[in-house]
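Okay, structure first, notes after.
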């Protein structure tokens, strides 16, 4: 297991306000890591610290398993907050300018980057006349000038129309699969994020409250029949032998979750009651993906 980013108790405080509180984040090589949280939760602050745009108040950052941040930040490309483009320049001129800024005197990468992000036919069109999606793709192209191994993108699909969102999604998947670039991305568009992300971190009020693999999301959002009974042992026996459920879980305080027979809650209730089990609650529960994230972030379902 190789880590691209690890933080240990990373903290950022502004006078009496704690923007990040002892955050421990773990991003492995090859991840597309989705950082989820409300506005002001600490997402951009975390990204800025990683990129060296602001300093942390406490804690440790490791990039590529090293604390030599100056050296390893050279392997990072980032687009944080608004795209930094020169509006009176074309896409090509912007790329050449940023090559010069990075000390690159040979511009053979310009055409390759324009092709990669789908801007090869923009010709003399100035970036002030670009759509927001085109601006985002050009910003990503600029972030790729140094051939980074790690890409950090702050809300890259925010405000885009559906076609722009699809273009960015396909670009990220391409960069990850073909160039083996690890990506940290924040977004408010939760449904879209689930189409690209391999791992999630949920941040709330400066605290990283959860971190999990995308493969675990289906289980976390699984629908189930929720029961509360007076005798869990007896109820479990009936569920297994009479109802023939093969997917249920006995919890504490008389609670049971049944993950099959979702269309037959009344049949379950009838079987339990007829066999002497008192059922004080029965209902179909569980979240869709968006509701799950909103609940975790502290919003209303």
When residue 159 is run through (1) at pLDDT 90 or above; (2) farther than 21 Å from residue 51 by Cα; (3) within 19 Å of the chain's Cα centre (by Cα), the failure sits at (1)
Looking at 110, 79 in this structure, which one is touching a strand residue (DSSP E or B) at 6+ places or on another chain (Cβ under 8 Å), buried (at least 17 other Cβ atoms within 10 Å of the Cβ) and farther than 22 Å from residue 8 by Cα?
79
When the residues of the range 117-129 are narrowed to those that are touching a residue at least 40 places away in the same chain (Cβ under 8 Å) and in contact with a helix residue (DSSP H, G or I) (Cβ under 9 Å, 6 or more places away or on another chain), which ends up farthest from residue 31 (Cα to Cα)?
127
Residues (at pLDDT 95 or above, buried (at least 23 other Cβ atoms within 10 Å of the Cβ) and over 13 Å from residue 11 (Cα atoms)) located in the range 36-75
63
Can you name the residue in the range 186-205 that is modelled with pLDDT of 90 or more and out of contact with any helix residue (DSSP H, G or I) (no Cβ under 7 Å at 6 or more places or on another chain) and, of all such residues, is farthest from residue 139 (Cα to Cα)?
205
For the range 265-288, which residues satisfy the criterion of being in contact with a strand residue (DSSP E or B) (Cβ under 8 Å, 6 or more places away or on another chain), at pLDDT 90 or above and surrounded by 15 or more Cβ atoms within 10 Å (Cβ to Cβ)?
268, 269, 272, 277, 279, 282
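Out of 139, 88, I need the residue that is under 24 Å from residue 180 (Cα atoms) and either modelled with pLDDT of 95 or more or in the same structural domain as residue 177 (by TED's automatic domain parsing) (or both). Which one? Let's see the steps before the verdict.
On the way: 88 fails: under 24 Å from residue 180 (Cα atoms).
Step by step, each of 139, 88 is checked, and only 139 is under 24 Å from residue 180 (Cα atoms) and either modelled with pLDDT of 95 or more or in the same structural domain as residue 177 (by TED's automatic domain parsing) (or both).
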Quick one: is residue 208 at pLDDT 90 or above, more than 25 Å from residue 27 (Cα to Cα) and under 37 Å from the mean Cα position of the chain (by Cα)?
no
Checking residue 236 against (1) surrounded by 13 or more Cβ atoms within 10 Å (Cβ to Cβ); (2) touching a helix residue (DSSP H, G or I) at 6+ places or on another chain (Cβ under 8 Å), which test does it fail?
(2)
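Report yes if residue 101 is in the same structural domain as residue 7 (by TED's automatic domain parsing) and closer than 20 Å to residue 52 by Cα, otherwise no. Before you say what the answer is, go through the steps one by one.
Details: in the same structural domain as residue 7 (by TED's automatic domain parsing): yes; closer than 20 Å to residue 52 by Cα: yes.
Yes, satisfied.
Quick check, is residue 40 without any contact (Cβ under 8 Å) to a residue 24 or more places away in the chain and in the same structural domain as residue 148 (by TED's automatic domain parsing)?
Values: without any contact (Cβ under 8 Å) to a residue 24 or more places away in the chain: yes; in the same structural domain as residue 148 (by TED's automatic domain parsing): yes.
The answer is yes for residue 40.
The values are calculated or read from the model by the stated rules, or taken from the named source; none is laboratory data. In this text, all values refer to a predicted model and were calculated from it rather than measured experimentally. Using ideal geometry, Cβ is built from the backbone for each residue, glycine included, and neighbour counts are taken over all protein chains shown.
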